[in-house]
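K.L.:
Okay, handing you the structure first.
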Ligand SMILES: *[C@@H]1O[C@H](CO)[C@@H](O)[C@H](O)[C@H]1NC(C)=O
């Protein structure tokens, strides 16, 4: 009896996802939001889901300075597979669109200092109807991905029941660990179960996944971003404590560089994702992105904030009647990231605040760098009334550090 109890406990604790990966939120590129399930390579050869697309993005990541900033994942999403598994039951890429195969693609990424992510879906079919990973194929698919040299797996949840998901996500986690290859694991599970307890067990997720989608897919619109930000802020008491090094909430891709956001709104998405300690996976066309949008995504201080080693997710600490919201994220060395977010329409709003109202009072004196404007604000005590001018649907973002004299 005692022996069985001991074996049971050790067996359970070995479920913890101790792959050592994603100690900071992953950065890179993911195909879905921008390129969807475009498989029409005949009429749209440069924008269809094919090895060319991923090679193009890899080349841009290297040539345009992204890789040096940390954007190293190139992640495939749905629609890369052939319509059927092969005779051995293995999943294979579409032979016309990925003639070189996935292993060659992974080798290319590795030779350029990048990593390759791939997608599957727990169930008979993926969301777009391609071959999924049913329970009896979990180990085979994990093995196949490892053999190809894959570095991250996103496991979606279309066409599976709550029971199958409960078994399947743990099983894939164990299977990936069992391959011996370091493969980060991104789980869509909570998004299929409403994203909240009791249906979602965040303690379990932290043990089996490196990151998880909690909520709806993002689309290329300001409305979609507001919906996501509101949902995460509304449920921050549940969501904020479960994030940390190796296990992140994922509010979905950065859509900066596409069609739906103004420059102010693009700055807002980047700032809010950074304080939320969110994965920075861009879904855009790096071949055509403008310099202005690139500057937002390549802002070193914002990236440093997102990648802070403490890995504490920020919180919305104020929601004013004036429709100004303030988000604060604690960083190492007693520093903070602060985002003043303007939900108003009309003219830029002058917002008065103090650090005391944001509960920042550890140091007698602080200074702040305005992350987008670049200038320094000196001499901030906890009770200094300061004023920030925030553009409509925009942000002012500060990197606040204690000042010693
Ligand atoms: C904000 O502070 C300035 C002084 O810094 C003051 O003139 C102004 O009236 C304040 N605005 C509000 C709404 O309190």
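Laboratory data are not the source of any read-out in this text; all were calculated from the coordinates shown. Keep in mind that what you see is a predicted model, and the values were worked out from it rather than measured. Heads up, the Cβs are rebuilt from the backbone with ideal geometry, glycines too, and the neighbour counts pull from every protein chain shown.
K.L.:
Given the structure, is residue 321 loosely packed, with under 14 Cβ neighbours inside 10 Å and within 15 Å of the ligand (Cβ to nearest atom)?
P.N.:
In short, yes.
K.L.:
Next question, about the same structure. Would you mind listing the helices (runs of 4 or more DSSP H) fully within the stretch 210-285 where at least 3 residues are touching a residue at least 12 places away in the same chain (Cβ under 8 Å) and closer than 13 Å to residue 393 by Cα?
P.N.:
Counting at least 3 such residues, we get 222-234, 263-275.
K.L.:
Among the residues that make up the stretch 169-184, is at least one of them under 17 Å from the mean Cα position of the chain (by Cα), under 28 Å from residue 51 (Cα atoms) and touching a residue at least 12 places away in the same chain (Cβ under 8 Å)?
P.N.:
Within the stretch 169-184, one or more residues are under 17 Å from the mean Cα position of the chain (by Cα), under 28 Å from residue 51 (Cα atoms) and touching a residue at least 12 places away in the same chain (Cβ under 8 Å).
K.L.:
Consider only pairs whose beta carbons are under 6 Å apart and that are at least six residues apart or on different chains; among these, list those whose first residue lies in the stretch 349-364 and is without any contact (Cβ under 8 Å) to a residue 24 or more places away in the chain and whose second residue is more than 11 Å from the ligand (Cβ to nearest atom).
P.N.:
361/382
K.L.:
Further question: So which residues in the stretch 328-384 are within 20 Å of residue 233 (Cβ to Cβ), within 16 Å of the ligand (Cβ to nearest atom) and assigned to a strand (DSSP E or B)?
P.N.:
The answer is 340, 342, 349, 351, 353.
K.L.:
Something else about it: Could you run through the stretch 39-67 and say how many residues are part of a loop (DSSP other than H, G, I, E, B), in contact (Cβ under 8 Å) with a residue 40 or more places away in the chain and out of contact with any helix residue (DSSP H, G or I) (no Cβ under 9 Å at 6 or more places or on another chain)?
P.N.:
The total comes to 2.
K.L.:
OK, next. Considering the stretch 385-401 alone, what residues qualify as being in contact (Cβ under 8 Å) with a residue 60 or more places away in the chain and within 16 Å of the ligand (Cβ to nearest atom)?
P.N.:
390, the sole residue that qualifies.
K.L.:
Show the residue pairs meeting these rules: Cβ distance below 9 Å; 6+ apart or different chains; first residue within the stretch 98-119 and at positive phi; second residue assigned to a loop (DSSP other than H, G, I, E, B).
P.N.:
101/92; 101/95; 113/72
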